[in-house]
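*Asks:* Dumping the structure here so I can ask a few things about it.
The values are calculated or read from the model by the stated rules, or taken from the named source; none is laboratory data. Not measured: the values here are computed from a predicted model. Keep in mind that these areas ignore ligands, DNA and RNA; they rest on the heavy atoms of the full protein, side chains included. Shrake-Rupley method; radii C 1.70, N 1.55, O 1.52, S 1.80 Å.
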Amino acid sequence: MRDAFGGSFMIRLFLVFLIIYMGFTAIAINYAKAFKVKNKVIDYIEDNEIADMHNMPAYEFDKMSEYFEREILGAMNYRVDKNQMDCTGENVQYCDNGIKIMQINTSGNNNKIGNYYRVETEIIWSIPFINKLLALGDNSQSGGISYGKWRISGETRPIVIDPK
């Protein structure tokens with residue numbers, strides 16, 4: 001009887017570690033995906049030399065939104081609900097589906113030429129079963145869910161407006 005109990009205990013212990021390992025692997029994969037999304041958005045802004053996103057023509061903004069939807073959000077399967085994002089601020093130029101683009105104010109700094117953009121992507125993770133693991137053997141339920149929100153940010157190179 002003792003050997004049967006030891007075997008079942010080892011299987012449960014193995015399953016707990018397997019679940020924890022898979023959870024950390026899933027979080028790491030989503031973190032890497034958010035980095036790739038940030039880099040693709042920065043590349044798009046730099047390649048198309050978008051100097052003033054707030055005053056760009058509607059067809060250019062639609063072209064950018066379509067590129068984000070087709071190449072980034074659809075192909076990489078990356079989405080964050082807009083209700084979970086912080087889209088407030090006067091410098092926010094674009095904020096949707098986990099992608100937030102802000103223009104960095106360089107008017108007070110004479111050493112910087114052109115416009116800079118800060119691109120932020122987010123991953124939101126939740127592990128609802130972690131409370132079950134923490135409460136093994138205890139009948140009290142806390143009711144909370146372990147969750148987190150991580151923000152990854154990067155900046156573009158300076159984009160200079162051509163004087164006409």
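*Asks:* Answer rounded, prolate or oblate for the range 45-95, using the Cα gyration tensor with square roots of eigenvalues a ≥ b ≥ c: rounded when a/c is under 1.5, else prolate when a/b is larger than b/c, else oblate.
*Replies:* Oblate.
*Asks:* If you plug each phi of the range 89-102 into the Karplus form 6.51 cos²θ - 1.76 cosθ + 1.60 with θ = phi - 60°, what whole-Hz ³J(HN,Hα) values come out, in order, with x for Gly and Pro?
*Replies:* Karplus values, whole Hz, x for Gly and Pro: x, 7, 9, 6, 9, 8, 8, 6, 6, x, 10, 10, 10, 10.
*Asks:* Out of the total accessible area of the range 15-90 (probe 1.4 Å, heavy atoms of protein only), what percent is carbon and sulfur?
*Replies:* Carbon with sulfur: 55 percent of the solvent-accessible area.
*Asks:* Another one. For Tyr117, which sequence-distant residues (separation of 5 or more, or a different chain) have an amide H within less than 5 Å of its own amide H, given hydrogens modelled in the peptide plane?
*Replies:* Counting only residues 5 or more places away or on other chains, the set is Ile104, Thr156.
*Asks:* Residue by residue, what Karplus-based ³J(HN,Hα) values in Hz, rounded to whole numbers, does the range 24-37 have, using 6.51, -1.76 and 1.60 with θ = phi - 60° and x for Gly and Pro?
*Replies:* Result, ordered by residue: 5, 5, 5, 5, 5, 5, 5, 5, 5, 5, 5, 5, 5, 4 Hz.
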